1. Please go through the stretch 16-43 and pick out each residue that is small (Gly, Ala, Ser), buried (at least 16 other Cβ atoms within 10 Å of the Cβ) and farther than 15 Å from Asn61 by Cβ.
2. Could you grab me the full set of residues in the stretch 1-15 that are small (Gly, Ala, Ser) and more than 14 Å from Thr66 (Cα to Cα)?
3. Specify which of the listed residues (Ile156, Ile213, Ile190, Ile168) is surrounded by 19 or more Cβ atoms within 10 Å (Cβ to Cβ), farther than 27 Å from Gln31 by Cβ and at pLDDT 95 or above.
4. Can you tell me which residue within the stretch 86-127, out of those that are among the aliphatic types (A, V, I, L, M) and at pLDDT 85 or above, is nearest to the chain's Cα centre (by Cα)?
5. Please work out which one of (1) modelled with pLDDT under 50; (2) aromatic (Phe, Trp, Tyr); (3) within 19 Å of Ala194 (Cα to Cα) is the condition Phe237 fails and give its number.
Amino acid sequence: MCFLFISSSQRSVQEVCKDIAEIQDVFSVAQVLGDPDIFVGIRAKSILEAHDIRHRIGGINGVDSTEMLYAFRVHKYVASLGTVSATHAESAEADDSIFAPLSADGRQSNREVGRQLGISASTVRQRLAKMLRGGEIKFEVVCNPAALRLETAAIIRITSYSRHTEDILERLGELEAIGFLIEVTGKANILALATATTARDLANLCDEQIFSIPGVRSIQVQLLISTTKDQVHYAYFDGLKNIPKRKGRQE
């Protein structure tokens, strides 16, 4: 998982965001207030693949500069809040084809999913059961933050003193307002997404709860203006330790 902070010009931010969202391995695109003005999340199988995606994004008309952060440890990822009308990118892998119709509308029946894929409803049911047992998927309700009056959101970049980082992450993870919390490369070594009812509540969160944590050196807050793409069907799974072993699986 990697994140890009992008500065744009010449075209409207919304147009640039729309073009970025067309790239299959991009799972999140949002306009943020300030410069850089676009926040992007990508998933890749390797660092080389991540750089290739960055190169493709850099070639989009209107993209001036990109800063890439690599996520090396995920501490919190709440997938129950997301964009209900999220778009999706169909997987290129035949074995993963079942994800495409379900990510578009998870309420579809097995019969309807099977009709789209050209397989029987019982085959769909068997595949889902197998993936559930294997820890590859899970089902959960995804709520629109606006429906919960969480209409203000921000990307927060936090710089910590090294000796305090673990304590800071533990304290941040306990805050209900923080939806995801990830250690990343770079000077600002912690990336967080926070939601709040109002901008004042968000300011209080940053000033009174985050900045007051011992060891927090600095924070940079950028409000989310709009979301172009947010694939909420990418959820956080807590490591391989929770995936049951299969016959023949290598440690």
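1. Of the residues in the stretch 16-43, the ones small (Gly, Ala, Ser) are 21, 28, 30, 34, 41.
Next, only the ones that are buried (at least 16 other Cβ atoms within 10 Å of the Cβ) stay: 21, 28, 30, 41.
The answer is Ser28, Ala30, Gly41.
2. Kept after step one, since they are small (Gly, Ala, Ser), are these residues of the stretch 1-15: 7-9, 12.
Ser12, the sole residue that qualifies.
3. Exactly one of Ile156, Ile213, Ile190, Ile168 is surrounded by 19 or more Cβ atoms within 10 Å (Cβ to Cβ), farther than 27 Å from Gln31 by Cβ and at pLDDT 95 or above, namely Ile168.
4. First, the residues of the stretch 86-127 that are among the aliphatic types (A, V, I, L, M): 86, 89, 92, 94, 98, 100, 102, 104, 113, 117, 119, 121, 124.
Subsequent filtering for residues that are at pLDDT 85 or above retains 113, 117, 119, 121, 124.
Values: Val113: 25, Leu117: 27, Ile119: 31, Ala121: 31, Val124: 27 Å.
Out of the qualifying residues, it is Val113.
5. It is condition (3) that Phe237 fails.
The values are calculated or read from the model by the stated rules, or taken from the named source; none is laboratory data. Remember, predicted model here, so these are calculated numbers, not experimental data. Virtual Cβ from ideal backbone geometry, glycine too; neighbours counted across all protein chains shown.
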